[in-house]
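Take a look at the structure set out below.
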Amino acid sequence: MKTYLIDIIAGARPNFMKIGPILKAWPKGGRIRYRLVHTGQHYDQAMSGNFFRQLGIPKPDVNLEVGSGSQAGQTAEIMKRYEALLAKKPADLCLVVGDVNSTMACAIVAKKAGLKVAHVEAGLRSGDWRMPEEVNRVVTDSLSDLCFTTSALASRTLLQEGKKRSQIHFVGNTMVDSLLAHRKQFRPPVIWQEAGLTKGKYLVLTLHRPSNVDRKEKLEEWLRTIVRHSRAYPVIFPVHPRTAKTLKLIRVDSLSHCPLPTANCQQKGSGPILTTPPLGYLEFNYLVEHAKAVITDSGGITEEATVMGVPCLTLRDTTERPETVTMGTNELVGTDPEKLGPALGRLFEGRWKQGKIPARWDGKAGGRIVKILGLRT
Ligand code: UD1
């Protein structure tokens, strides 16, 4: 009996919580097997290894160890190495998730090598072509034979772009599967004790988009604005490696005066912005779950905040996940720091909207995908 081999591709931090639930739902034995391919786009323990461990994802069968590079350099390296792997050990289908460079690079290689391509989180569009992720999404979807979507809107987008109805499956959100499956295990990070944090009395900040963090002046402007409007709530800032490079050029403690002294602020003597290295999955989501709000330029975090009912202020002009705004707790503040003050004002005055959870964000997406792949009846 010939086995059918599915390559499951993961490369960067936001991929790991999306593949975990698919692997968990995979039945043991059977004719359809998977090979877990890590491209090595993210490679630090804090960005990769810790997530595999905490989410109970098996060790990758192959690690292409591509590492960092320019947009083209990294994409090309992934393509060369994945092509070589397929030449040596072919597969039948390539399943990619999300919108990172590894997603698009492997989809292109697989399609040219004659494999079928399946895309999890298909059909998302921000309309912002300055973001490498938008290019990755559109290219990946255009090549995909099977499109798994997180919303009815994403399915409609794919239909409008010419996909056949039979290729599109609205399965829900595997990132939410991971969140719900691990929620009981969330635990406070070390900084919880160190900073003497109290539930509901601090903000979480994440920034990693090149447009927000690659220029010192822009990053500094954001941080100053946040300090000015945070009403002395501590702002916990787990720093992405890309952001860390620019942050080195800024004296964070010089920003951290206490505009409105509170017990919390005086106690620490340092002030509101408290940086930490990137956190594990369980620790980061504990912080978000209990925060007053999260300020971010991530896409995935807007979904997690929506599910946990935590106010979310997004420092971007567009989103590929509009249901986090129309239904959830997320609001697009934009990229003009002037807009952040009024938004935080509404938050502190208790005028933030209550969200609802979008359809099929119910923890069962991985199971639906596995069923459609023909693994379960
Ligand atoms: C990538 C994704 C982005 C995703 C983000 C999540 C693309 C185009 N971007 O952006 O969509 O939201 O991951 O984190 O695929 N670095 C380390 N250690 C690591 C990985 C990276 O120090 O383990 C440093 C490197 O110096 C690298 C920089 O971080 O140059 C950026 O990494 P890269 O993978 O190029 O892009 P991200 O900004 O992480």
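If only residues of segment 26-82 that are touching a Ser or Thr at 6+ places or on another chain (Cβ under 7 Å) and among the charged types (D, E, K, R) are counted, the one that is farthest from Arg242 (Cα to Cα) is Arg31. Taking first residues from segment 293-316 that are touching a residue at least 12 places away in the same chain (Cβ under 8 Å) and outside the structural domain of Thr243 (by TED's automatic domain parsing) and partners that are away from the ligand (no atom under 13 Å from the Cβ) and assigned to a loop (DSSP other than H, G, I, E, B), no Cβ contact under 9 Å between residues at least 6 apart in sequence or on separate chains turns up.
Where helices (runs of 4 or more DSSP H) sit wholly within segment 284-377, those with at least 2 residues that are surrounded by fewer than 19 Cβ atoms within 10 Å (Cβ to Cβ) occupy 323-326, 340-348, 365-372.
Do we have any residue at all in segment 176-185 that's in contact with a strand residue (DSSP E or B) (Cβ under 8 Å, 6 or more places away or on another chain), at pLDDT 95 or above and buried (at least 21 other Cβ atoms within 10 Å of the Cβ)? Checked against the condition, which is being in contact with a strand residue (DSSP E or B) (Cβ under 8 Å, 6 or more places away or on another chain), at pLDDT 95 or above and buried (at least 21 other Cβ atoms within 10 Å of the Cβ), segment 176-185 yields no hits at all. Just checking, which of Lys163, Lys201 is touching a helix residue (DSSP H, G or I) at 6+ places or on another chain (Cβ under 9 Å), in contact (Cβ under 8 Å) with a residue 12 or more places away in the chain and farther than 19 Å from Val294 by Cβ? Matching residue, one of Lys163, Lys201: Lys163.
Among the residues making up segment 134-160, those that are outside any helix (DSSP H, G or I) and more than 18 Å from the chain's Cα centre (by Cα) are Ser144, Asp145, Leu146, Cys147. Scanning segment 1-45 for residues that are in contact (Cβ under 8 Å) with a residue 60 or more places away in the chain, surrounded by fewer than 17 Cβ atoms within 10 Å (Cβ to Cβ) and within 16 Å of the ligand (Cβ to nearest atom) yields a total of 1. Taking the stated definitions as given, is Thr276 within 16 Å of the ligand (Cβ to nearest atom) and either touching a helix residue (DSSP H, G or I) at 6+ places or on another chain (Cβ under 7 Å) or modelled with pLDDT of 95 or more (or both)? Against the criterion (within 16 Å of the ligand (Cβ to nearest atom) and either touching a helix residue (DSSP H, G or I) at 6+ places or on another chain (Cβ under 7 Å) or modelled with pLDDT of 95 or more (or both)), Thr276 qualifies. Residues that are more than 14 Å from the chain's Cα centre (by Cα) and either more than 22 Å from Gly40 (Cβ to Cβ) or within 12 Å of the ligand (Cβ to nearest atom) (or both) were ranked within segment 107-121; the one that is surrounded by the most Cβ atoms within 10 Å (Cβ to Cβ) is Lys116.
The values are calculated or read from the model by the stated rules, or taken from the named source; none is laboratory data. For clarity, every value in this text was computed on a predicted model and none was experimentally measured. In this analysis, Cβ positions are derived from the backbone assuming ideal geometry, glycine residues included, and neighbour counts consider all displayed protein chains.
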